[in-house]
1. Give me the angle, in degrees from 0 to 90, between the Cα long axis of helix 2-14 and the longest principal axis of the Cα atoms of the chain, rounded to the nearest 10.
2. Return the percentage of antiparallel bridges among DSSP beta bridges fully within the chain, rounded to the nearest 5 %.
3. For segment 171-233, what is the Kirkwood estimate of the hydrodynamic radius, computed as the reciprocal of the mean inverse distance between distinct Cα atoms, to one decimal in Å?
4. Under a crude label model (7 Å from the Cα following the beta-carbon direction), how far is residue 184 from residue 139 in nanometres?
5. Subtract the Cα-Cα distance of residue 220 and residue 122 from 0.36 nm times their separation in residues, and report this length gain in nm to one decimal.
6. If packing is taken as the mean number of other Cβ atoms within 10 Å per residue, what is the order of 67-74, 51-58, 220-227, highest first?
7. Quick one: helix 208-217 against the long Cα principal axis of the chain, what's the angle to the nearest 10°, folded into 0 to 90?
8. For the chain, what is the convex hull volume of the alpha-carbon atoms per residue, in Å³?
């Protein structure tokens, strides 16, 4: 019994490197900070049964970064809450049987479509009746999602998630993440810092994606300031 337990522990330790996670999976290493959240995700991925996670918070609070990493998981399916439909999502689940369902901005999913997730998350059973024909299947699918708020989500659906509330970035975090994202693409530390400062103080934006756009255009600090000034002129 002791040897079996030790073997199971060792198997769980190496699971994160198993091919089922996909060849590009790197365990959230591209995300700065949030070590406790990363650990919760990894514990969910190592669990024998699905544990669904919902990240709630304002725009540009690293929620989407986690979803972008989850997309790299083998057998994952990504959808936007505003673009998903019950029939489209159900068809995909029946046909492709994804192991991971990734939903960004789930609060924009219509209420009638949110109900499609209830049975999947609770029992793994999907059932659909259409044109007097019924089909059923059972899946083992983890659901990872983001939301800017929970006011428009069904209470039963919300209860099926492990809910984590994110806070907006502080400037120090914003600057560090900008540097990490841009410098790994070959952009200098000087330029990345200038981008973070300009986006934060001049554009009043807290969206890392704005930093990435400007960083891709700028070669120097002077470029950064000119680009930001031009953007401000057309707001």
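Derivation of every value follows stated rules applied to the coordinates shown; laboratory data play no part. This structure is a prediction, so every number in the text was calculated from the model and none was measured. Cβ: placed from backbone, ideal geometry, glycine included. Neighbour counts: every protein chain shown.
1. 40
2. Taking every DSSP beta bridge with both residues in the chain, the antiparallel ones total about 25 percent.
3. Computed over segment 171-233, the radius equals 11.0 Å.
4. Output for this residue pair reads 2.8 nm.
5. Details: separation 98, 0.36 × 98 = 35.28 nm, distance 5.25 nm.
Taking 0.36 nm per residue and subtracting the Cα distance, the gain is 30.0 nm.
6. On the way: 67-74: 17.8, 51-58: 20.0, 220-227: 15.9.
With the highest mean Cβ count within 10 Å placed first, the list reads 51-58, 67-74, 220-227.
7. 50
8. Numbers: hull volume 37.6 nm³, N = 235.
Convex hull volume per residue, Cα atoms: 160 Å³.
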